[in-house]
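The structure appears right after this line, and notes come after that.
No lab work stands behind these numbers, since they all come straight from the coordinates. Source: prediction; values computed, not measured. Every residue, glycine among them, receives a Cβ derived from its backbone with ideal geometry; neighbour counts consider all protein chains shown.
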Amino acid sequence: MSDKIYCESKLCFDFTKSQSVIKADEKTYSGLLSVDFIVETKRKNIFIEVKNVSSETEMQRREEWIAYLSNFKQNHFLFEMGVKFKDTILRKWAMDESYDDKEIHYIVILEFNEFDANQRCRISENFHSYLPTCLRDFKRGVNLRQWKIYNVEEWNKNDCYGEFPIKSLD
């Protein structure tokens, strides 16, 4: 298996066409959270968080996810996604590194059969309010250009991200 092919939550990601990829959540420090992957291309860094709820078999757990995702006023799911993004940036800055002034795309892969495209779109509409679009320190800034919530099919069909295909292991 290539060093740029990863499995996460019963999904297989093929990042062989990227410049580099980091399994970021394996390298967290001091209680900081992290996105699952950081994929570097020539022009951008793609932060990817994976939530494959469809792989969970317990009906009670699935119902908890429906309630978790359906609270549009105070969405704890989006809050957690925002914290993971911020912590990933802060960890890199603490190591005195940056993202080379490339634009950043933050994509959440939400594979959950009970949530259709309209529901994912509705969650995505509020996603920006949980993200630091103007985060900077004295030397560096964050060039966050795109944030979206996709399922696997939408990701694979996307012109920008489909070059890194995702396959189900089920």
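Details
- The simple spin-label model puts a point 7 Å past each Cα toward its Cβ; for Asp159 and Arg145 those points are separated by 1.4 nm.
- Amide H contacts under 5 Å for Thr41: Gln19, Ile46, restricted to partners 5 or more places along the chain or on a different chain, H placed in the peptide plane at 1.01 Å from N.
- Distant-in-sequence amide H partners of Leu11 (H built 1.01 Å from N, under 5 Å): Leu169
- Listed cross-link partners Lys102/Lys148; Lys23/Lys44; Lys10/Lys92 are compared with a 25 Å cut-off, the Cα-Cα value being larger for Lys10/Lys92.
- Local charge for Lys17 was computed over the other residues whose Cβ lies under 9 Å away, with Lys and Arg +1 and Asp and Glu -1, and equals -1.
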